[in-house]
Amino acid sequence: SSGINAEYGHLTATHQTALSRPIYVLDDLIPQGVLSELLSHVYSSSQYYYDDSEDEGETDNVHWISGYHTHQFVQSNLWTLVRDTVTQMTGHEGWYPYDISCNLNRAWDHTRIHKDCFGKDEYTFLIFLTPDYQPGDLGGTVFYQHEDVSEIVTLVQNRFGRVALFHCEIKHAARPPHSSLSLARYTFVVKVARSKLSAVQREMLTVVAHTQDTEESEAEQWIADESERLGNDPDKLEALFISLIETADQMRHSDLENSLLNAGK
């Protein structure tokens, strides 16, 4: 199996909030070769972004350096491992990603306590991706009790390749590296929804709301209308989304070419 073994041999720790929402810590789950390839890809192809928009009411104040389209990510061996692990740990099938990104924190960054979602049964699969971190270097993730941020459920220490799998409604915050370190904290994050249809709708909403001059409520209604028109078929909706992405990419490329041509006149 590409997920954890039947004896949960990769499961290092399990924690629960007072509302019985779980946090699983897994070590040595992801093969070193996959980790090295992922890290190499991050180093070679990332761009630096900062998104200060609020997602469902909260923001983590974290810089992200690379985003990935789900229809490409689901072709990877890493997604097979993520899917199988979430399925085995939760006892539910049908999970599908809607948000994949690599995040970066430095010693001087100020992260915020936040949730990854509200009112949904979703999970976040977080991979610590910085080599050679020691426990004293900080850079872990702190998890809090429901709305009471004065009570810590657990601190998951930063260890290369370690996975924290947790329910999306658990409040948490990234801890920046120790102030004496110049080394950044990298994490690779996969957020999953209970069904492919829900995941595609979620990703579409994020893209449309962030790239189009439209209110989120209008974007939600448009996505709902398109879903109904397509019979709520997730594959057809995903195909529509991919075509929109490709069209947008072509328009950006054309705009860039025109800008370069005009600059040369």
Legend entry - Of all residues in region 86-120 being among the basic types (Lys, Arg) and more than 21 Å from Ile152 (Cβ to Cβ), the one that is modelled with the highest pLDDT: Lys120
Legend entry - Residue check, Tyr68 out of contact with any helix residue (DSSP H, G or I) (no Cβ under 6 Å at 6 or more places or on another chain), aromatic (Phe, Trp, Tyr) and at pLDDT 60 or above: yes
Inset, instruction - Count, please, the residues in region 154-169 that happen to be hydrophobic (A, V, I, L, M, F, W, C) and over 23 Å from Trp79 (Cβ atoms). - result: 1
Legend entry - Residue satisfying condition, being assigned to a helix (DSSP H, G or I) and modelled with pLDDT of 90 or more, within set Ala239, Ala248: Ala239
Inset, instruction - Select from region 212-236 the residues that are under 22 Å from the mean Cα position of the chain (by Cα) and either farther than 19 Å from Phe73 by Cβ or in a loop (DSSP other than H, G, I, E, B) (or both) and list them in ascending order. - result: Gln212, Glu216, Ala219, Glu220, Ile223
Legend entry - region 192-206, residues that are modelled with pLDDT under 95 and open to solvent by less than 50 Å² (accessible area, probe 1.4 Å): Arg202, Glu203, Met204, Leu205
Legend entry - region 28-54, residues that are of a type in the set (D, E, K, R) and modelled with pLDDT of 85 or more: Asp28, Glu37
Legend entry - Hey, Thr187 modelled with pLDDT of 90 or more, within 23 Å of Arg21 (Cα to Cα) and not in a loop (DSSP other than H, G, I, E, B) or not: no
Legend entry - Residues located in region 83-106, provided they are crowded, with 21+ Cβ neighbours inside 10 Å and part of a loop (DSSP other than H, G, I, E, B): Trp95
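The values are calculated or read from the model by the stated rules, or taken from the named source; none is laboratory data. Since the structure is predicted, the reported quantities are computational estimates derived from the model, not experimental observations. Note that each Cβ is placed from the backbone with ideal geometry, even for glycine, and that neighbours are counted across all protein chains shown. Accessible surface areas use protein heavy atoms only, side chains included; no ligands, DNA or RNA. Shrake-Rupley method; radii C 1.70, N 1.55, O 1.52, S 1.80 Å.
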